Amino acid sequence: MPHETTEIKESLVATKVKDSIKEPTIELDSAVITDLAPSIDSVEKHSLIDDSHVKNSPLSSPVEHSTVEPSVKSCQLDHNPQPQEQWQSFDQIPLSPVEPRHYTQVLIETATIAVILISILSVFLIFVATIPLHIAAIVIPALLLIGSTITWLRYTHAKAIGYAACRHELVMQTGIFWVKRISLPYTRLQHISLSQGPLERKFNLRTLKCFSAGSGSAEIELPGLESETAEKLRQHLLTMAAIAIKTAAEVNQEANEDEPAVDRAEH
């Protein structure tokens, strides 16, 4: 009897436990379901999803990949020509001049070299070549005129130098009659050096030289920079070059990863 009583009690407890446990029910109002169900047009508008997020998502399925095709095609490069009004003007970049002390340095340097050369030639023509004095009176002023012209041209050329450290490249402009403007993208910048001659040291100036990948000579040679400014510009250009190269590498990596998705979308 005690054994039968115990079994009866256990069966009653089990019955109460079963009654207390109920399967959860989800009650959804039909109106709520109607509001939450997006239309086909809204799904198509918001189906531009990056393929990389779809691949990394644990809920990815073949059905989801069908909505990725428009986004993959839209990621391709746009090869349509742009109108001329939308072209970025290269001549509208504001340029900064070099230090005015550079003009004085060039003037002194050129004038000194010209005077030395003219003096040597004059002595040679008069005492070594023994040319007549009336011919020497014509040749020596002509040499002085040539030296003065070269000095003026170098001085004007120094004043025409301008540069600009833009967001994606370093721009430099030189020339008087034939103006030359050079643009060196940061992605091609490989090495930067600073040089200082005896006269530049006197004026506390330096020359910045930029070398690109695959080039033995300097692509840009920018003289007339103050020593402190030249060092700051050098550090800035090296930093921008590192950022540009890293960004280009990431873009290339993403493009290589998206190539299978583009091929899958086309097929």
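The values are calculated or read from the model by the stated rules, or taken from the named source; none is laboratory data. This one's a predicted model, so the numbers in the text were calculated from it and none came from an experiment. Glycine gets a Cβ as well: all are built from the backbone with ideal geometry, and neighbour counts include every protein chain shown. We work out accessible area using only protein heavy atoms, side chains counted, and drop any ligands, DNA or RNA first. Shrake-Rupley method; radii C 1.70, N 1.55, O 1.52, S 1.80 Å.
Brief remarks follow.
- All conditions but one from (1) open to solvent by less than 80 Å² (accessible area, probe 1.4 Å); (2) at negative phi apply to GLY175; the one that does not is (2).
- Identification of helices (runs of 4 or more DSSP H) wholly contained in the stretch 40-138 with 3 or more residues that are closer than 30 Å to GLY197 by Cα, at pLDDT 65 or above and open to solvent by 50 Å² or more (accessible area, probe 1.4 Å) yields 100-123.
- Restricting attention to the stretch 149-158, the residues that are more than 15 Å from VAL98 (Cα to Cα) and open to solvent by 40 Å² or more (accessible area, probe 1.4 Å) add up to 4.
- Evaluation of HIS267 against the conditions (1) open to solvent by 60 Å² or more (accessible area, probe 1.4 Å); (2) at pLDDT below 95; (3) within 22 Å of PRO100 (Cα to Cα) shows that the sole unmet condition is (3).
- Residue list for the stretch 219-254, restricted to those being surrounded by fewer than 18 Cβ atoms within 10 Å (Cβ to Cβ) and among the small types (Gly, Ala, Ser): SER227, ALA242, ALA248, ALA249
- Among the residues of this structure, ILE161 does not count as one that is open to solvent by 50 Å² or more (accessible area, probe 1.4 Å) and at pLDDT 95 or above.
- Restricting the stretch 139-166 to residues that are in contact (Cβ under 8 Å) with a residue 40 or more places away in the chain and assigned to a loop (DSSP other than H, G, I, E, B), the residue that is nearest to VAL115 (Cα to Cα): ILE161
- From ILE182, ILE243, ILE192, ILE220, residue being over 25 Å from TYR103 (Cα atoms) and in contact (Cβ under 8 Å) with a residue 12 or more places away in the chain: ILE243
- Breaking point among (1) within 19 Å of the chain's Cα centre (by Cα); (2) modelled with pLDDT of 90 or more, for ALA249: (2)
For (1) among the polar types (S, T, N, Q); (2) modelled with pLDDT under 95, each residue gets a yes or a no:
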site: SER217; (1), (2): yes, yes
site: GLU226; (1), (2): no, no
site: ALA242; (1), (2): no, yes
site: GLU254; (1), (2): no, yes
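- Residue tally, condition open to solvent by 60 Å² or more (accessible area, probe 1.4 Å) and assigned to a helix (DSSP H, G or I), over the stretch 178-198: 3
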